[in-house]
Amino acid sequence: MTATDTRTAEAARALFAERFGIEPVGTWSAPGRVNLIGEHTDYNDGFVLPFAIQHRTHVALAPRTDGLFRVRVASTFDDTTAQVELGELDALFPGRRDDVPEWARYPLGVAWALLAASGSDPSTVTGVDLAFASNVPIGAGLSSSAAIEGATAVALAETWGVDLDRVALAKVGRRAENEAVGAPTGIMDQMASLLGRADAAIFLDCRSLDAQVIDLGFADAGLELVVIDTGVKHSHATGGYGERRAACERGAAALGVPALRDVTPADLPRLAQLVDDVTFRRVRHVVTENQRVLDTVRTLREHGPAAIGDLLVASHASMRDDFEISVPELDTAVEAALSAGAVGARMTGGGFGGAAIALVSHDRVQAVTDAATAAFAAAGFAAPTIFTVTPSAGAARD
């Protein structure tokens, strides 16, 4: 682990001892992710190209020794300790209950979905206590939620002796997010967090869940991936996310296909005759974004990472104009990075806030940082948080 990871794991262990009065048996962790390209394609059965990052969520765990079939969860980002009987999880999810903090629905939802996926009776597994600490920026579009889900899934699977592979655990995380939290997301984030590899991205077919490791080669090309966190918070479970997904479903229905994965750019003129302008533009983004993912994978293999800049820029324009999920801060970040010499830049994540990414030569990182900071100040925005990320390994026991 890095020094930062070690501190975060120690924070999880310290919180565990403070809240539960005993020492944990171990810690597990899972990373956040950056999506290099392929936004809002995952729940349309399309293609994505994310990579796990060095920022991780750590969970300290110990099985209960009092014979109670109970799960308790605590975290450094909330003063509340949530407690649920394992046998009550089916009554709790899906749906909402006001006495469970929203953040706690992620790990409790994973416990619920894992029991269901493994066919385990709650009375046959041990109760557990869990304490979380994280250095994944929350609300920045780096999937702090999937990091919680991935860490919980690998920790509980090992503790309960559940023999599920990483794809099955990703499905557990997706079900928790969809049904326990109520966010209609796809499976990209969970797959990236669980399958991540150092210096590589995961080329994921979200229909078949086939995953290929794609070497990125940033370091060899003298490139770094800069994250410009706007500080504008977003929420997948609210706002316009559900509306975008509904528009995608309307477009697929109009063309008589199961999902937008089955639509090609050649189908778009026909679609324009069948749906309203907003639905058309939502669909056009997804269809062209799928093609950009395929083009990016091909370009990385044939020409290396320095050649993908135009694809990143086109992706941002599509999200800004067709899917309409950018905000002024994200546009400012992208424009500033490009003006300072970035190879390419785009917003990343679900949109309505969060972060932009810029692929930058090593000797231009400071220039991009300075340009974004100055552009935000000139626009009257709060200063962004800017840092680099490194493609990293997926979920594991620490």
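The values are calculated or read from the model by the stated rules, or taken from the named source; none is laboratory data. Just so it is clear, the model here is predicted, and its values are computed rather than measured. Using ideal geometry, Cβ is built from the backbone for each residue, glycine included, and neighbour counts are taken over all protein chains shown. All accessible areas refer to the heavy atoms of the entire protein, side chains included, with ligands and DNA or RNA removed. Shrake-Rupley method; radii C 1.70, N 1.55, O 1.52, S 1.80 Å.
Some values worked out for this structure:
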item	result
Top-ranked residue of the stretch 341-356 - restricted to ones that are of a type in the set (A, V, I, L, M) and open to solvent by less than 10 Å² (accessible area, probe 1.4 Å), ranked as modelled with the lowest pLDDT	A355
Residue list for the stretch 304-328, filter: open to solvent by 40 Å² or more (accessible area, probe 1.4 Å), in contact (Cβ under 8 Å) with a residue 40 or more places away in the chain and part of a helix (DSSP H, G or I)	A306, D321, P328
Selected residue [out of contact with any Ser or Thr (no Cβ under 9 Å at 6 or more places or on another chain) and open to solvent by 10 Å² or more (accessible area, probe 1.4 Å)] from D66, D42	D66
The lone exception for M188 - which of (1) at pLDDT 95 or above; (2) under 14 Å from the mean Cα position of the chain (by Cα) it fails	(1)
Residues (within 23 Å of the chain's Cα centre (by Cα), basic (K, R) and open to solvent by 10 Å² or more (accessible area, probe 1.4 Å)) located in the stretch 76-130	R96
Some residue of the stretch 294-303 being closer than 30 Å to Q366 by Cβ and loosely packed, with under 15 Cβ neighbours inside 10 Å	yes
Members of the stretch 10-34 that are hydrophobic (A, V, I, L, M, F, W, C) and free of Cβ contacts under 8 Å to residues at least 24 places away in the same chain	A14, A17
Residue match in the stretch 145-154 (condition: in a helix (DSSP H, G or I), open to solvent by 20 Å² or more (accessible area, probe 1.4 Å), farther than 30 Å from S326 by Cβ and in contact (Cβ under 8 Å) with a residue 40 or more places away in the chain)	no
Count of residues meeting criterion [open to solvent by less than 10 Å² (accessible area, probe 1.4 Å) and modelled with pLDDT under 95] in the stretch 155-184	4
Filter result (exposed (fewer than 13 other Cβ atoms within 10 Å of the Cβ) and touching a residue at least 24 places away in the same chain (Cβ under 8 Å)) within the stretch 265-293	P265
From P50, P31, residue being over 27 Å from D129 (Cα atoms) and open to solvent by less than 10 Å² (accessible area, probe 1.4 Å)	P50
Whichever residue in the stretch 329-340 is more than 16 Å from E39 (Cβ to Cβ) and open to solvent by 20 Å² or more (accessible area, probe 1.4 Å) and, among such residues, is farthest from the chain's Cα centre (by Cα)	S339
Qualifying residue in the stretch 374-385 (condition: assigned to a loop (DSSP other than H, G, I, E, B), surrounded by fewer than 20 Cβ atoms within 10 Å (Cβ to Cβ) and not aliphatic (A, V, I, L, M))	yes
Residues satisfying the stated conditions in the stretch 164-198, i.e. part of a loop (DSSP other than H, G, I, E, B) and touching a residue at least 40 places away in the same chain (Cβ under 8 Å)	L164, G182, A183, P184, T185, G186, I187, G196, R197, A198
Among (1) of a type outside the set (V, I, T); (2) part of a helix (DSSP H, G or I); (3) under 29 Å from I228 (Cα atoms); (4) in contact with a helix residue (DSSP H, G or I) (Cβ under 6 Å, 6 or more places away or on another chain) - the single one A133 does not satisfy	(2)
Residue in the stretch 224-238 that is open to solvent by less than 60 Å² (accessible area, probe 1.4 Å), over 30 Å from T373 (Cβ atoms) and under 20 Å from the mean Cα position of the chain (by Cα) present	yes
